[in-house]
1. Just to confirm the number: angle between the C-alpha axis of helix B:139-149 and the first principal axis of chain B, 0 to 90 degrees, nearest 10?
2. Assuming R0 = 35 Å, can you tell me the calculated FRET efficiency for the pair B:Arg382 and B:Ala161, based on Cβ-Cβ distance, to the nearest 0.05?
3. At 0.36 nm per residue, and after removing the present C-alpha to C-alpha distance, how many nm does the segment from B:Ala253 to B:Thr436 gain when stretched out fully?
4. Counting each DSSP H run of 4 or more residues in the protein assembly as shown as -39500 (n - 2.57), what helix-only mean residue ellipticity at 222 nm follows after dividing by all residues, to the nearest 500 deg cm²/dmol?
5. How many angstrom lie between the Cα centre of the stretch B:400-416 and the Cα centre of the stretch B:81-145?
6. Connecting C-alpha atoms closer than 10 Å in a GNM of chain A, tell me which of A:Thr30, A:Thr240, A:Thr193 has the biggest fluctuation.
7. Let me confirm the definition first: pairs of Lys residues in the stretch A:1-55, 8 or more apart or on different chains, C-alpha distance under 24 Å. How many are there?
8. Using a cut-off of 20 Å between alpha-carbon atoms, which lysines can reach B:Lys377, once sequence neighbours fewer than 8 places away in the same chain are excluded?
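Where a number appears in this text, it was derived from the coordinates with a stated rule and is not lab data. Computed from a predicted model, the values in this text were never measured in an experiment. Here Cβ is always computed from backbone atoms with ideal geometry, including for glycine, and neighbour counts include all displayed protein chains.
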Amino acid sequence: MSGRVLVGVKRVIDYAVKIRVKPDNSCVVTDGVKHSMNPFCEIAVEEAVKMKEKKLIKEVVVVSCGPQQAMETIRTALAMGADRGIHVEVTGKDYENLGPLQVSKIMAALAKKEDALLVILGKQAIDDDCNQTGQMTAALLDWPQGTFASELSMEGDKIKVVREIDGGLETVKINTPAVITADLRLNTPRYATLPNIMKAKKKKIANVKPADLGVDITSRLEVLRVDEPAQREAGVKVETVDDLIARLKEAGRI
Amino acid sequence: MRTQTDMALREGALRLNLLLNSRTFYKFNSSVGVRSLSDNVLSKPVTSSAPEIVGDHIIYTQEHFALKESLRKIIDQEINPHVEQWEAEGIFPAHKVFKILGSAGFLGVNKPVEYGGLGLDYSYSVAVAEELGHIRCGGIPMAIGVQTDMTTPALARFGSAELKQEFLLPSIMGDKVACLGVSEVGAGSDVSSIMTKAVRKGDEYVINGGKMWTTNGTQADWICLLVNTSDGPPHRNKSLICVPMNLPGVQIARKIEKLGMWSSDTAEVFFDDVHVPCKNIIGQEGMGFTYQMLQFQEERLWAVANILTMMENVIQETIQYTRQRKIFNRPVLHHQSVHFRLAELQTEVELLRALLHSATALYIKGNDVTKLASMAKLKGGRLAREVGDSCLQFWGGMGFTSDVLVSRFYRDSRLMSIGGGADEVMLGIICKYMDTLPKK
């Protein structure tokens with residue numbers, strides 16, 4: 001086993017930005033808009049770096065799929081302590097149509113190529129909220145998965161994962177190699193310190209194309225239209241309970 | 001104030017809070033609770049450092065932008081949530097804040113690597129100064145600037161190895177808080193008239209006198225003190241000495257109450273027969289004045305970088321406010337006098353930024369930029385007053401309250417034309433370069 005951890009990071013529109021839909025309803029405005037690393041991806045990177053600091057693993061390799069700008073996201077991860085990066089170049093229309101299925105095919109291919117012990121991803125991206133890439137990657141690799149992880153511990157060649165589920169917390173023990181997705185409370189990501197930002201300059205970022213990995217990234221999905229949520233409309237006040245029932249019946253709600 | 005105005009004001013404040021703290025519904029599910037973000041994260045203006053222009057920027061590289069992003073996170077997580085409280089208390093916990101910044105490497109950007117610094121060029125310091133302008137008050141950036149660019153440059157360049165180990169290293173790490181002792185009650189712009197004296201007795205100096213306007217004074221571990229060490233000509237009889245603040249005879253007479261910069265504690269300090277080892281002198285005796293002058297270019301550019309961001313933030317917040325505030329049935333912003341004035345102010349901000357960046361570019365190549373730095377500082381102080389005054393007017397009654405950034409900026413920024421070299425001193429320097437001063 002290589003002791004290598006693969007971490008996927010996604011460049012998304014910054015959480016603080018007010019999103020606007022393009023006038024032609026084709027997609028969201030991204031030009032000139034501030035982007036940053038998906039918050040759950042930051043948590044994933046932090047966990048991997050922590051594991052390396054505890055000497056549980058040997059190398060943290062960070063991966064991002066996208067155009068040139070994805071390199072910035074990789075560099076941020078390098079500044080947090082990742083060892084090297086892989087930029088999977090996807091541009092233009094291909095990038096617009098890139099979804100969890102395509103990314104998980106890429107991650108699976110890289111996991112095999114890099115002989116990874118673990119693949120750690122954020123549980124979901126804050127732009128599409130898919131929550132699929134981790135699960136699909138595990139399925140493609142036929143690896144166990146520990147999703148919504150709020151706590152991780154290595155126990156020999158198994159991993160104990162405390163998962164945040166609807167009913168509370170569930171603890172599972174899975175074999176390695178495995179796929180983990182990071183939930184909010186897994187850790188608090190560190191600030192990229194200035195010395196590490198400068199050191200990151202020297203770290204290597206390899207450039208590959210999906211074709212090089214034998215991955216077909218054609219999408220089976222077509223986005224028809226993007227709309228803003230309907231404006232919240234005013235409510236109506238009623239005086240009595242009978243009134244309420246009458247109104248609801250009128251509106252066909254009951 | 002009448003009750004109706006009260007209610008209107010309160011309503012306005014509420015609306016404003018909602019406006020500034022609103023998230024779009026898209027992000028509702030996933031954005032809540034990432035790290036410590038909640039209602040305290042006031043809206044960031046969308047004009048943040050655009051990595052799209054990295055290749056073409058006159059002085060900034062990828063690393064500069066990465067530095068700014070990381071520092072911005074620290075500001076948003078560790079500093080801004082507490083600003084209101086610290087402003088109200090009249091002091092901020094310098095040791096705590098400096099330790100956080102020091103651990104992340106932001107207090108020694110252009111200081112020697114042997115003492116925990118990063119040995120980077122001054123453009124990185126300017127990047128830090130610009131980013132610190134996102135702190136929602138003037139006091140804390142000022143205090144940080146004193147630590148990084150006023151008390152330590154001479155020490156870093158001319159201090160002995162032993163002295164640097166004792167004072168520079170912990171200041172860069174954020175373990176020790178420094179303050180600067182130059183101005184006195186009787187000497188401000190005329191630095192050469194200071195009276196504080198250090199008389200040599202064996203292998204000690206005995207210091208008597210007092211200093212004024214000492215930022216960080218009530219919390220500092222040591223003071224970089226400019227004193228008269230001989231009776232020679234006023235530009236050649238002064239020295240800089242590192243004096244621990246806990247020595248007997250060092251008295252913090254009072255914390256000064258000021259118009260602005262409330263979160264920064266400013267002290268008046270007295271020195272009553274303070275004994276300090278002679279080895280605490282920085283560099284050569286008699287060179288203190290020269291050493292202090294050498295770092296002025298950096299200090300002034302730093303102040304400009306800092307206030308630029310603050311002015312932009314105030315202009316952006318004013319745009320946001322006036323866009324939603326209606327008067328005579330349309331947004332205040334739609335009145336031409338308002339959006340035209342804001343355009344004028346933004347234009348001047350860009351001009352000042354251009355001057356700052358070109359002066360920095362020249363400086364890091366080894367040029368003397370005293371004239372440009374003085375011009376930039378002069379303009380910075382004056383423009384800040386214009387921005388504060390015009391924007392506050394557009395905020396109307398709300399601008400006059402303590403709830404908003406613009407009123408704090410109005411108070412805090414007034415200092416820029418006074419401290420760090422008053423406007424009149426800047427003008428004198430520029431005239432010297434223009435050779436327009438009357439000959440003696």
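1. Roughly 40 degrees, rounded to the nearest 10.
2. 0.25
3. Contour length minus Cα-Cα distance gives 61.7 nm.
4. After summing the helix terms and dividing by the residues of the protein assembly as shown, the value is -12000 deg cm²/dmol.
5. Spelled out, the Cα-based centre of one part sits 21 Å from the other.
6. A:Thr240
7. Step by step, the pairs that qualify in the stretch A:1-55 add up to 7.
8. Leaving aside lysines fewer than 8 places away in the same chain, those within reach of B:Lys377 are B:Lys432.
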